[in-house]
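For reference, the structure discussed in these notes is given below.
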Amino acid sequence: MKVAVIKYNAGNIRSVAYALERLQVDFSITDEHEEILKADKVIFPGVGEASSTMRYLRDHKLDELIKSLQQPVLGVCLGMQLMCKYSEENDTACLGIFDEKVKKFIPQQKEKVPHMGWNTITTTNSWLGESVNNQYVYFVHGYYVPVNENTAAIAQYIQPFSAALKKDNFYAVQFHPEKSAETGQKILESFLNSRS
Amino acid sequence: MLAKRIIPCLDIKDGRTVKGINFENMRDAGDPVALGEKYAKEGADELVFLDISATQEQRKTFASLVNEIARHLNIPFTVGGGISSIADAEKLLEAGADKVSINSSAVYNPDLINEMAKAFGSQFVVVAIDAKKEINNWVVHTHGGKKATDKRLYSWALETQERGAGEILFTSMNHDGAKQGFANEALEKLHHALQIPVIASGGAGDYGHFMDVFTLGKADAALAASVFHFGEISVPQLKSYLRSKLISVR
């Protein structure tokens, strides 16, 4: 199995790569369209700001490429948000793989934003697997995807939101599996073992 | 629910952990990577690696050490010590650090906070504040607590937040090393004044101090060094103690 990690101006590409290294997975970090297209699995990482990242993806024609992929694709953090239709972060049109709007967290009772740290996820009988239900994973984000028909796991901060999504061959997590200890490792493995 | 975080802090000099760390079942407690992995396995939520090297020569090894840590550690970690420019921070980001902490350099060049937040995002920028209570004022100190400044804790903390700090790491110099508990009163004030998370540091001596810092001090995270390194407090036992007190921990 060969995994392609999409290379672009995102912050956490290296940590995703190290997590794959720990899992002894054969991977490359690449923005070559050919290489991404022929990989068995694709990971779309991301830490950063939505509009500048979308601009970068468009400039490198990675936006159309990502949408066209047929193999399992995993979006991580900003990667997940960019897979949605639109983000309130600087009024950004995104890839539209998931028909959702990414919203800004509005504190209700002085909760701190960004949502940062370890929080539990409730998996809704989904690809993440029963073994990570109610386990803690590591989040860092100021925007969220509301719960919707493609939600694969829910977390609670200010209100319930999508901790994970899945639609066809597109998988996504709002948290950082690469920084979420054994639980995160299990989730990465679930994705890597997925068939479609 | 968002968990309260427990953060062991490791001091690094010339690429090795210091403070005479003494562990059974560890072949090399001076190896920061092995020690970091041990804490991660035990359930530490984050780690801080502080480079206390005195010379540039000693400091050279730090970035490559950070890279080794990033390869092995599956939890977030912050690195600090001697970071005084965007270039310094970028080197550590490149090496795989999740966050950097800046202290003296932020006091003398506050614009550095803005620049770092803009370049790497606020989530990458931890501002460490060492302060000492003198009569009614919390006086901010630099250079490892050796130098008093004209800055005061609350106004400085607010300013760093305005400038884009993602977290405040507050060390009470009055409490540090005394093992009599954290500076809960000041921490609670910080909690109410700020919108960003506060990491409490200085004063951990027993399990109860951690409960107090989360309930009375309202801290988002608690950092300690020697109580963990000398085995006086074990991370798994601390977690189960806090859980028994109904504090949300991982």
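The values are calculated or read from the model by the stated rules, or taken from the named source; none is laboratory data. Treat the numbers as computed from the prediction; the structure is a model and nothing was measured. For neighbour counting, all protein chains shown are included, and Cβ atoms are generated from backbone atoms with ideal geometry for every residue, glycine included. Surface accessibility is based on the protein's heavy atoms, side chains included, excluding ligands, DNA and RNA. Shrake-Rupley method; radii C 1.70, N 1.55, O 1.52, S 1.80 Å.
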* Structure fact -> Any residue on another chain or 5+ positions along whose placed amide H is under 5 Å from the amide H of residue A:29 is listed here as A:5
* To do: Just grab the label-to-label distance for residue A:88 and residue B:134, each label 7 Å out from Cα along the Cβ direction, in nm (one decimal).
  => 4.5
* Kindly state, to the nearest 0.05, the FRET efficiency for residue A:148 paired with residue B:61, given R0 = 60 Å and r defined as their beta-carbon distance. => 0.80
* Structure fact -> per DSSP, antiparallel bridges as share of beta bridges in chain B, % nearest 5, sits at 25
* Determine ³J(HN,Hα), in whole Hz, for all residues of the stretch B:239-246 in sequence, where each value follows from phi through the Karplus function 6.51 cos²θ - 1.76 cosθ + 1.60 and θ = phi - 60°; x replaces Gly and Pro. => 4, 6, 4, 5, 4, 5, 9, 6
* Structure fact -> Of B:71, B:163, B:152, the most mobile residue in a GNM of chain B (C-alpha springs, cutoff 10 Å) is B:71
* Structure fact -> Chains B and A: accessible area buried, summed over both chains, 1.4 Å probe, nearest 100 Å², reads 2500
* Structure fact -> Phi-derived 3J(HN,Hα) across the stretch B:55-69 with the Karplus relation (6.51, -1.76, 1.60, θ = phi - 60°), rounded Hz, x for Gly and Pro, is 10, 4, 4, 5, 5, 3, 6, 5, 4, 6, 5, 4, 5, 4, 4
* Among B:184, B:174, B:109, whose mean-square fluctuation peaks in a Gaussian network model of chain B (Cα, cutoff 10 Å)? -> B:109
* Asked: All other residues with a Cβ under 13 Å from the Cβ of residue A:118 taken together, and with Lys, Arg as +1 and Asp, Glu as -1, what is their net charge?
  -> +1
* Asked: Can you run phi through the Karplus equation (6.51, -1.76, 1.60; θ = phi - 60°) for the stretch A:139-145 and list ³J(HN,Hα) in whole Hz, with x for Gly and Pro?
  -> 10, 8, 6, x, 10, 9, 9
* Structure fact -> In the protein assembly as shown the DSSP beta bridges are antiparallel at a rate, in percent to nearest 5, of 40
* Asked: Rolling a 1.4 angstrom probe over the protein heavy atoms, how many square angstrom per residue are accessible across the protein assembly as shown?
  -> 41
* Please identify, among B:240, B:53, B:104, the residue showing maximal mean-square fluctuation in a Gaussian network model of chain B using a 10 angstrom Cα cutoff. => B:240
* Whose amide H sits under 5 Å from the amide H of residue B:14, counting only residues 5 or more places off or on another chain, with H placed in the peptide plane? -> B:53
* Structure fact -> If each K or R counts +1 and each D or E counts -1, the residues other than residue A:60 whose Cβ falls under 15 Å of its Cβ total -2
* Could you check the simple spin-label distance between residue B:90 and residue B:155, using points 7 Å along Cα→Cβ, in nm with one decimal? => 3.4
* To do: Quickly work out the residue B:54-to-residue A:23 label distance, labels modelled 7 Å from Cα along the C-beta direction, and quote it in nm with one decimal.
  => 4.6
